Amino acid sequence: MPKLILIRHGQSVHNAGETVQGSDPDPTNILSTVGKDQSFTFGHVLAQRRIAPACLWSSPLPRARQTGRIVAKAMKCRLPIQEDPRLREICKGSRGLPGGLEGRRRDEAKTPPYREQYQRLGWDFRHGSLESGGETAREAGRRFLTVLSMIADGLADDATGLVFAHGQVIRYGIGAAWGFPDLKKIDASFRLGNCESLIVVRSPQRIWRLVGRMASA
């Protein structure tokens with residue numbers, strides 16, 4: 001069965017600064033020094049486990065792309081990193097547009113009413129606003145899963161692919177693969193720290209299954 005290792009990027013500048021991230025391609029939101037170290041260590045973990053990927057894919061956002069490059073270098077893997085915009089993080093409302101959350105401080109943007117609505121509406125809660133391009137978890141999960149299926153289609157049965165992406169969209173992609181079960185359970189069970197990953201396989205019947213987790217330390 002094709003295997004995919006879904007890797008959340010290393011710590012970014014905005015992670016460290018408590019700023020709301022999302023799909024904003026801010027060129028200044030790169031990996032922090034900690035994030036670079038996490039990525040290098042994770043690459044060594046993969047090399048020590050003798051994982052030889054057949055392909056590398058990444059979100060085009062700087063923090064994910066940079067993580068992929070560092071991991072590949074640490075593994076001494078010379079495969080090109082392919083990018084797909086559908087692997088980007090969920091959009092939480094573009095910076096500067098009405099209702100946009102990205103680029104704002106987390107404690108200012110994610111207020112108690114915001115969190116209450118998120119818990120109540122689950123997958124159908126829209127981050128930010130429609131005017132700002134904000135997505136629901138369901139929308140983000142579906143686009144992410146579309147790319148995972150495309151990658152799996154191109155892999156041999158015993159091959160492994162690495163996918164460098166983002167914490168929320170990875171969780172929501174798994175939710176999409178499983179038919180959108182309870183959001184609270186998905187959030188609690190599959191939350192990823194920086195440079196942590198989930199390992200999934202797809203059966204011949206095109207059923208996705210979670211088979212493990214992996215971290216940089």
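Round to the nearest 10 and give me the degree value, 0 to 90, for the angle of helix 137-153's Cα axis relative to the longest principal axis of the chain.
10 degrees
Compare P80, P53, P113 in a GNM of the chain, Cα atoms joined below 10 Å, and give the one with the largest fluctuation.
Among P80, P53, P113, the largest GNM mean-square fluctuation belongs to P113.
Report the rotationally averaged projected area of segment 166-211 based on its alpha-carbon convex hull, in square nanometres. Walk me through the intermediate numbers first.
Values: hull surface 12.9 nm².
For segment 166-211, averaging the hull's shadow over all directions gives 3.2 nm².
By how many nm would the segment from T33 to E116 grow when fully extended, if each residue of separation counts as 0.36 nm and the alpha-carbon distance is taken off?
Extra length from T33 to E116 when fully extended: 26.4 nm.
So for the chain: antiparallel DSSP bridges make up what percent, rounded to the nearest 5?
Values: 15 of 28 bridges.
Percentage antiparallel, nearest 5: 55.
Quickly work out the W178-to-Q48 label distance, labels modelled 7 Å from Cα along the C-beta direction, and quote it in nm with one decimal.
Using points 7 Å along Cα→Cβ, the separation is 2.9 nm.
Would you indicate which of (i) 42, 37, 35; (ii) 47, 41, 26; (iii) 46, 44, 36 is the value of Cα extents along the principal axes in Å derived from the coordinates of this structure?
Recomputing Cα extents along the principal axes in Å here picks out (ii).
For R206 paired with S149, estimate the spin-label separation in nm (one decimal), with each label point 7 Å from Cα along the Cα-to-Cβ line.
Going by the 7 Å Cα→Cβ label model, 0.5 nm.
Which net charge results for the neighbourhood of T146, defined as the other residues with beta-carbon distances under 10 angstrom from its beta-carbon, given Lys and Arg at +1 and Asp and Glu at -1? Mind dumping the intermediate values first?
Details: positive: R86, R142, R143; negative: D84.
Charge balance near T146 sits at +2.
Among the lysines, which fall within straight-line cross-link reach of K76, defined as a Cα-Cα distance under 23 Å, with same-chain neighbours fewer than 8 residues apart omitted?
By straight Cα distance, K76 reaches K3, K36.
Order 189-196, 38-45 from most to least packed using the mean count of other Cβ atoms within 10 Å.
38-45, 189-196
If each DSSP helix of 4+ residues adds -39,500 (n - 2.57) and the sum is divided by the residues in the chain, what number results at 222 nm, nearest 500 deg cm²/dmol?
-11500 deg cm²/dmol
So for the chain, averaging the separation of alpha carbon pairs under 8 Å that are six or more residues apart and normalising by length, what relative contact order in percent results?
The normalised contact order for the chain reaches 31 percent.
Provide the gained length on full extension for the span D158 to K185, in nm with one decimal, where the gain is 0.36 nm per separating residue minus the Cα-Cα distance.
Numbers: separation 27, 0.36 × 27 = 9.72 nm, distance 3.01 nm.
Extra length from D158 to K185 when fully extended: 6.7 nm.
Out of G154, G128, G99, any idea which swings most in a Gaussian network model of the chain, alpha carbons joined below 10 Å?
Judging by the Gaussian network model, the answer is G154.
Each reported figure results from applying straightforward, stated rules to the coordinates on display, with no laboratory input. Values in this document were obtained by computation on a predicted structure and should not be read as measured data. So basically every Cβ, Gly included, is an ideal-geometry build from the backbone, and we count neighbours across all protein chains shown.
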